[in-house]
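Below: one structure, written as structure tokens.
The values are calculated or read from the model by the stated rules, or taken from the named source; none is laboratory data. Just so we're clear, the structure is a prediction, and the values are computed from it rather than from any experiment. All Cβ positions, even for glycine, are placed from backbone atoms using ideal geometry, and neighbour counts span all protein chains on display.
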Amino acid sequence: MESLSLTDLAQEHLGKAREGSAGRSAVTVHGHHDFVLRQTLIALLQDQALAEHDSPREATLQVLHGRVRLTAGEDTWEGGVGEMLVIPPARHDLLALEDAVVLLSVGTGA
């Protein structure tokens with residue numbers, strides 16, 4: 001069984017986001033192309049966004065640090081530390097309301 005500290009990884013990638021020009025950093029923590037579940041840790045500095053994109057089949061977003069806003073059409077959801085957002089099956093974007101780290105879990109259907 002593998003174990004890792006999401007808290008430590010979140011701090012590491014917030015540091016990378018602060019050092020880089022894009023204001024973000026990400027790493028896959030579980031899964032790859034032939035797994036059914038893929039989990040990616042994403043760090044975004046305040047006011048950085050993931051532009052609107054298509055929704056995967058099934059996905060959730062767990063907020064590990066900070067606050068984020070998920071927008072799909074006219075609907076918006078905000079999440080803070082410890083909250084989980086279910087990503088709707090629609091085009092959506094994600095905005096960091098403050099420096100934030102999220103764990104994106106996606107069912108790949110593999």
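Can you list the strands (runs of 3 or more DSSP E) lying wholly within segment 33-83 that have 2 or more residues being modelled with pLDDT of 95 or more and small (Gly, Ala, Ser)?
Ranges flagged: 75-80.
Return the total of residues in segment 77-105 being surrounded by 19 or more Cβ atoms within 10 Å (Cβ to Cβ) and either touching a helix residue (DSSP H, G or I) at 6+ places or on another chain (Cβ under 6 Å) or without any contact (Cβ under 8 Å) to a residue 12 or more places away in the chain (or both).
1
Within segment 18-38, how many residues turn out to be without any contact (Cβ under 8 Å) to a residue 40 or more places away in the chain and among the hydrophobic types (A, V, I, L, M, F, W, C)?
Of the residues in that region, 3 qualify.
Based on this model, can you work out whether residue 73 counts as of a type in the set (Gly, Ala, Ser), free of Cβ contacts under 8 Å to residues at least 24 places away in the same chain, surrounded by fewer than 16 Cβ atoms within 10 Å (Cβ to Cβ) and in contact with a strand residue (DSSP E or B) (Cβ under 6 Å, 6 or more places away or on another chain)?
On the way: of a type in the set (Gly, Ala, Ser): yes; free of Cβ contacts under 8 Å to residues at least 24 places away in the same chain: yes; surrounded by fewer than 16 Cβ atoms within 10 Å (Cβ to Cβ): yes; in contact with a strand residue (DSSP E or B) (Cβ under 6 Å, 6 or more places away or on another chain): no.
Taking the combined requirement at face value, the residue does not satisfy it.
For the subset of segment 18-32 comprising residues that are outside any loop (DSSP other than H, G, I, E, B) and hydroxyl-bearing (Ser, Thr, Tyr), which member is surrounded by the fewest Cβ atoms within 10 Å (Cβ to Cβ)?
28
Go through segment 51-93 and count every residue that is under 20 Å from residue 9 (Cα atoms) and not polar (S, T, N, Q).
Filtering segment 51-93 for residues under 20 Å from residue 9 (Cα atoms) gives 60-68, 79-84.
Those still in the list that are not polar (S, T, N, Q) too: 61, 63-68, 79-84.
Count: 13.
Go through (1) under 21 Å from residue 3 (Cα atoms); (2) touching a Gly at 6+ places or on another chain (Cβ under 6 Å) one by one and return the number of the condition residue 68 breaks.
(1)
Please go through segment 33-42 and pick out each residue that is more than 15 Å from residue 5 (Cα to Cα) and crowded, with 19+ Cβ neighbours inside 10 Å. Explain how you work it out, then say what you get.
Going residue by residue through segment 33-42, those that are more than 15 Å from residue 5 (Cα to Cα) are 33-38.
Passing the criteria: only 38.
Those residues that are of a type in the set (A, V, I, L, M, F, W, C), in contact (Cβ under 8 Å) with a residue 12 or more places away in the chain and either assigned to a helix (DSSP H, G or I) or farther than 15 Å from residue 103 by Cα (or both), I need them from segment 1-17; list them, please.
Applying the first criterion (of a type in the set (A, V, I, L, M, F, W, C)) to segment 1-17 yields 1, 4, 6, 9-10, 14, 17.
Still in the list and also in contact (Cβ under 8 Å) with a residue 12 or more places away in the chain: 4, 6, 9-10, 14, 17.
The answer is 6, 9, 10, 14, 17.
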